[in-house]
């Protein structure tokens, strides 16, 4: 398997960063994504920029395991977002050696959203970090086409994070993905799910946040999705499975998702899965 595989924090969101890193290493991941900013009221965030003891523990876990931090998340860009307030967050990412910052589009005024992204990108670049915008079907940036328009306005360095779940449920196409500038696609999220004709907002949110499937266990064309991405795109496994995790535990959950993506990628690369 030649692709770099990272564990997105949402897959095991109740693990603090040091424990997540240890669990990811044991399951065979190359890297992790860390959620330093809380996203919802019922899921945690781990603000290492304000917790020096946990930051030290996290860096020790990285040294001990040999893993690295691929990305930190996520910046919910809203109309009132001030990029200067995010400097401690960016500094924490730089201290961790992260490569990418994931941003979410919650400003309906797209030119202002693009300006914020561009300003954030300028701050991040000086710290060795890239900025990537992830789109969600329930936001003002619901699909690949709109997301590409925004990152073009934001500047040449802003990336575009495509999540296979949101990609499929937004009506975006593989043809559109294949035509995107390759340098924009530095990170993608991978999971599987059932496919329906239509989805309510509640359907979209529940699956996205709580009940996805490991790659290859649902109905999304993940082989086509992977083939449409550049070969050097890092794959983040974002597979929250709340019921399975509570029943089987973290070790079994991570083993299941890692085994699934290994089989999928080996098949896509023309190898014989074990």
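For segment 220-228, state whether one or more residues are buried (at least 18 other Cβ atoms within 10 Å of the Cβ), touching a helix residue (DSSP H, G or I) at 6+ places or on another chain (Cβ under 7 Å) and not in a helix (DSSP H, G or I).
Initial filter on segment 220-228 (buried (at least 18 other Cβ atoms within 10 Å of the Cβ)): 220, 222, 225-226, 228.
Pick out the ones that are also touching a helix residue (DSSP H, G or I) at 6+ places or on another chain (Cβ under 7 Å) and you get 220, 222, 225-226, 228.
Applying the additional criterion that residues be not in a helix (DSSP H, G or I) yields 220, 228.
Taking every residue of segment 220-228 in turn, at least one turns out to be buried (at least 18 other Cβ atoms within 10 Å of the Cβ), touching a helix residue (DSSP H, G or I) at 6+ places or on another chain (Cβ under 7 Å) and not in a helix (DSSP H, G or I).
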Search result, residues across segment 59-75 that are out of contact with any helix residue (DSSP H, G or I) (no Cβ under 9 Å at 6 or more places or on another chain) and assigned to a strand (DSSP E or B):
70, 74
When the residues of segment 183-205 are filtered to those that are in contact (Cβ under 8 Å) with a residue 24 or more places away in the chain and farther than 25 Å from residue 268 by Cβ, which remaining residue is farthest from the chain's Cα centre (by Cα)?
199
Mind counting the residues in segment 41-58 that are touching a helix residue (DSSP H, G or I) at 6+ places or on another chain (Cβ under 7 Å) and at pLDDT below 95?
0
Which listed residue, of 160, 177, is more than 27 Å from residue 48 (Cβ to Cβ) and buried (at least 17 other Cβ atoms within 10 Å of the Cβ):
177
Hits in segment 231-251 (condition: loosely packed, with under 14 Cβ neighbours inside 10 Å and closer than 23 Å to residue 267 by Cβ):
231, 232
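For segment 97-109, which residues satisfy the criterion of being more than 7 Å from residue 72 (Cβ to Cβ) and crowded, with 16+ Cβ neighbours inside 10 Å? Write out each step before concluding.
Going residue by residue through segment 97-109, those that are more than 7 Å from residue 72 (Cβ to Cβ) are 97, 99-100, 102-109.
Scanning segment 97-109 gives 99, 100, 102, 103, 104, 105, 106, 107.
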Residue pairs within 7 Å by beta carbon, gap of at least six or interchain, first lying in segment 50-64 and surrounded by fewer than 16 Cβ atoms within 10 Å (Cβ to Cβ), second outside any helix (DSSP H, G or I), listed first then second, are 54/16; 54/46
Residue 21: in contact with a helix residue (DSSP H, G or I) (Cβ under 7 Å, 6 or more places away or on another chain), part of a helix (DSSP H, G or I), closer than 26 Å to residue 185 by Cα and modelled with pLDDT of 95 or more, yes or no?
yes
Examine segment 206-217 for a residue that is surrounded by fewer than 19 Cβ atoms within 10 Å (Cβ to Cβ), more than 26 Å from residue 69 (Cα to Cα) and under 18 Å from the mean Cα position of the chain (by Cα), and state whether such a residue exists.
yes
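Can you pull out the residues in segment 25-48 that are part of a helix (DSSP H, G or I) and either more than 19 Å from residue 264 (Cα to Cα) or out of contact with any strand residue (DSSP E or B) (no Cβ under 8 Å at 6 or more places or on another chain) (or both)?
Filtering segment 25-48 down to residues part of a helix (DSSP H, G or I) leaves 25-27, 48.
Selection gives 25, 26, 48.
The values are calculated or read from the model by the stated rules, or taken from the named source; none is laboratory data. Since the model is a prediction, treat every value here as computed from it, not as a measurement. All Cβ positions, even for glycine, are placed from backbone atoms using ideal geometry, and neighbour counts span all protein chains on display.
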